[in-house]
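Worksheet for the structure shown next.
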Amino acid sequence: MPSPRFRDTGRYVRRPATAKILRPGNLADLMRYLDPESRAATPIRIRGAGTASTDCNTNDSGTIVDMTALDRIGTIDTHRLTVTVQAGVRLGTLVEALAPHGLELAANYDQPERTVGGAIASPCMAPGIGDRSSFLSSEAISIRLVTPDGRLMKVSQQQKHLLNALRLSYGMLGAIYEVTLRVCLISTFSASHRSIDLDTFADVVDRLATRDVGLKFYLLPHKDRVYLDLRRYEASPGNAHRVPWKLKDWGESTVLPHVFKSLNRIVPIPSVRYRLMDRLSTATHDLVNSRFVTNGTNVMASGRRRREPRDLLHSTWCFPACDFAVVVKAYREFCRKTLAESGYRTDLPAVGFGVAQDTAAMMSPSFDEPMVALNVVSTQRKGWEDFVIDLDQFAEHWGGVPLFSHSRALRAEYARDLYSNRLAFFRKIRSQLDPHGRLLNPFLSQCFE
Ligand SMILES: Cc1cc2nc3c(=O)[nH]c(=O)nc-3n(C[C@H](O)[C@H](O)[C@H](O)COP(=O)(O)OP(=O)(O)OC[C@H]3O[C@@H](n4cnc5c(N)ncnc54)[C@H](O)[C@@H]3O)c2cc1C
């Protein structure tokens, strides 16, 4: 019998959630809420902005600790190139606070709404340019957390293994309260944009994903089109201007999702609607990913904070970069077959990027080799839950690496096999810090108990 899925699909009705939500305003509150004496109902789940697409950040019953009120930015050290922040600080707010000091985060992470805590405890990935890491978590050099029994604990680079376990720990080792992050001097990169067909993309993608270039792409499988965004640090990249980046962010993240949501309501005939959507996507990408956007910085390329992070449906899998040429062609076939058989397709372009090999986190999805992340995005709710189950089967077949926060409908057995030894080691640390499984919800316990 197949193992149950991690999340309800559209085929089942969920019971209404009864979890109590606590929102600590300071360290003492946080320690009190986690202290077993406080008798907060278990399981306890820690939540940042809540943008993950699996149940890693939520509970139907028990308690949810919402970290967003812990939002103070502490010391910005321009000499050591570090910043110390509380876990509830939003990524976009941090980017804006660093910029006047001539500093930026190591990469250009999407979703500025997410919190620093969420971005350290779960994969927050972006195309890493040159030797810069793809994961924000790898920049965390010191973490203060409240353990599952309510104690304050500091973990720094001296405790290498524990720090590696805490990065991408999905809130299972405790609530991250404060982080010290490495930051970089603002540097200008050159960005080149190209529109190519999918077969041409397949011919070059493995070379691009393993070179010094920051690879990002937008994939329209039904149009057979890929929009490439390649970034490099160069000795004299020239001037960078903010307006083109604002236009790009507005086109990709605001115009398309909002227009598509309306089209889903007002154009009832799918074939007409999809044709219109694909035309709009190509027109928008032709405009915003053109020669207009040439040079930039991670500050300029960071989108503005949006109010509705849950507006978009998304599911992400990583695939070994060396196989992606084959995977991307198979993905095109998968999308076409799914549309023909079920009538469902995603409306927005999938977003992909190169993820450098990274061993700084025990649960890193690119621990063994460079990966390409494929983030499938849609505004189409009806049929999505069944689509992500098919996507899971597709990803498993092609050796995809699931992310416990992003890969919706992932199968626990598959994830356990794939992360095998590292997962076993992580489990040992988890069972020492949280022997009674206070922070484990049913979703996570399938893999981590
Ligand atoms: C439209 C869309 C596009 C996206 N695109 C990308 C993308 O391009 N790249 C990418 O990497 N991600 C992407 N994401 C995924 C998402 O933004 C990340 O999963 C994000 O890192 C989660 O941050 P959060 O604050 O929302 O955390 P949450 O979703 O609230 O929590 C995520 C996990 O972290 C744990 N956690 C949160 N805060 C703490 C804390 N203080 N201490 C301990 N544990 C904690 C939670 O328990 C949970 O397990 C996208 C999401 C959306 C909605």
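Any read-out appearing in this document is the output of simple, stated calculations on the displayed coordinates, not a laboratory observation. Note that the coordinates shown come from a computational prediction; the quantities given were computed from them, not determined experimentally. For neighbour counting, all protein chains shown are included, and Cβ atoms are generated from backbone atoms with ideal geometry for every residue, glycine included.
Once the Cβ-Cβ distance between Val326 and Arg427 is put in as r, and R0 is 41 Å, what FRET efficiency do you end up with, to the nearest 0.05? Kindly include the intermediate steps, with their values, before the conclusion.
On the way: r = 33 Å, r/R0 = 0.81.
Calculated transfer efficiency: 0.80.
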Comparing Phe425, Phe387, Phe135, which has the greatest mean-square fluctuation in the GNM of the chain with Cα pairs linked when under 10 Å apart?
-> Phe425
Which residue, Phe324, Phe404, Phe394, has the most motion in a Gaussian network model of the chain that connects Cα atoms within less than 10 Å?
-> Phe394
Would you mind getting me the FRET efficiency between Ile141 and Val204? Use the beta-carbon distance for r and R0 = 35 Å, nearest 0.05.
-> 0.45
Rounded to one decimal in nm, the spacing of the 7 Å Cα→Cβ label points at Val267 and Ile186 is 3.9
About its Cα centre, how strong a charge dipole does segment 189-402 have in debye, to the nearest 20, once Lys and Arg get +1 and Asp and Glu get -1 at the Cβ?
-> 1180
Note to self, the chain gives a 222 nm [θ] from helices alone (DSSP H runs n ≥ 4, -39500 (n - 2.57) apiece, / all residues, nearest 500) of -10000 deg cm²/dmol
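Using the beta-carbon distance between Asp149 and Arg80 and R0 = 35 Å, what value does 1/(1 + (r/R0)^6) give for FRET efficiency, to the nearest 0.05?
Values: r = 32 Å, r/R0 = 0.93.
Efficiency, from the Cβ-Cβ distance: 0.60.
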Gaussian network model of the chain, springs between alpha carbon atoms under 10 Å - residue of Leu34, Leu181, Leu287 with greatest fluctuation = Leu287
On a C-alpha basis, how far is the centre of segment 401-443 from the centre of segment 216-288 in Å? Whole number, if you could?
-> 35
Among Ala202, Ser315, Ser302, whose Cα sits farthest toward the positive end of the charge dipole of segment 189-402 (+1 at Cβ of Lys/Arg, -1 at Cβ of Asp/Glu, about the Cα centre)?
-> Ser302
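Of Lys216/Lys329; Lys160/Lys428; Lys337/Lys382; Lys154/Lys216, which ones are farther than 27 Å apart at the Cα?
Violating the 27 Å limit, Cα to Cα: Lys154/Lys216.
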Non-local amide H neighbours of Val355 (under 5 Å, H modeled in plane, Pro and chain starts lacking H): which ones?
-> Met371, Val372, Ala373
With charges only on Cβ, +1 for K and R and -1 for D and E, what is the dipole size of the chain about its Cα centre, in debye, rounded to 20?
-> 920
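Rg/Rh for the chain to two decimals, with Rh computed the Kirkwood way over all alpha-carbon pairs. Provide the component values of the computation, followed by the final result.
Numbers: Rg = 21.2 Å, Rh = 22.3 Å.
Radius of gyration relative to Kirkwood radius: 0.95.
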Name the residue farthest towards the positive end of the dipole of the chain from the options Asn421, His161, Val272, assuming +1 on Cβ of Lys and Arg, -1 on Cβ of Asp and Glu, about the Cα centre.
-> Val272
Which value, in debye to the nearest 20, gives the size of the charge dipole of segment 73-185 about its Cα centre, when Lys and Arg are +1 and Asp and Glu are -1 at the Cβ?
-> 340
Before anything else, pin down the relative contact order of the chain: Cα pairs under 8 Å, at least 6 apart, normalised by residue count, whole percent.
-> 20
³J(HN,Hα), Karplus 6.51/-1.76/1.60, whole Hz, each residue of segment 191-200, x for Gly, Pro | 10, 10, 10, 9, 10, 9, 7, 5, 5, 5
Taking the Cα-to-Cβ direction at Asp35 and at Arg194 and moving 7 Å from each Cα, how far apart do the two end points lie in nm?
-> 6.1
Tell me, what ³J(HN,Hα) does each residue in segment 170-181 have, in order and in whole Hz, if you take phi through Karplus 6.51 cos²θ - 1.76 cosθ + 1.60 with θ = phi - 60° and put x for Gly and Pro?
-> 6, x, 9, 9, x, 9, 5, 9, 8, 10, 9, 10
Pairwise centroid distance, computed over Cα atoms, of segment 124-191 with segment 20-68, Å = 20
Under 5 Å, built H, 5+ apart or other chain: amide partners of Ile64 = Lys20, Ile21, Leu22, Arg45
Could you go through segment 442-448 in sequence order and give the Karplus-derived ³J(HN,Hα) for each residue, using 6.51 cos²θ - 1.76 cosθ + 1.60 with θ = phi - 60°, rounded to whole Hz, and x for Gly and Pro?
-> x, 4, 6, 5, 4, 10, 10
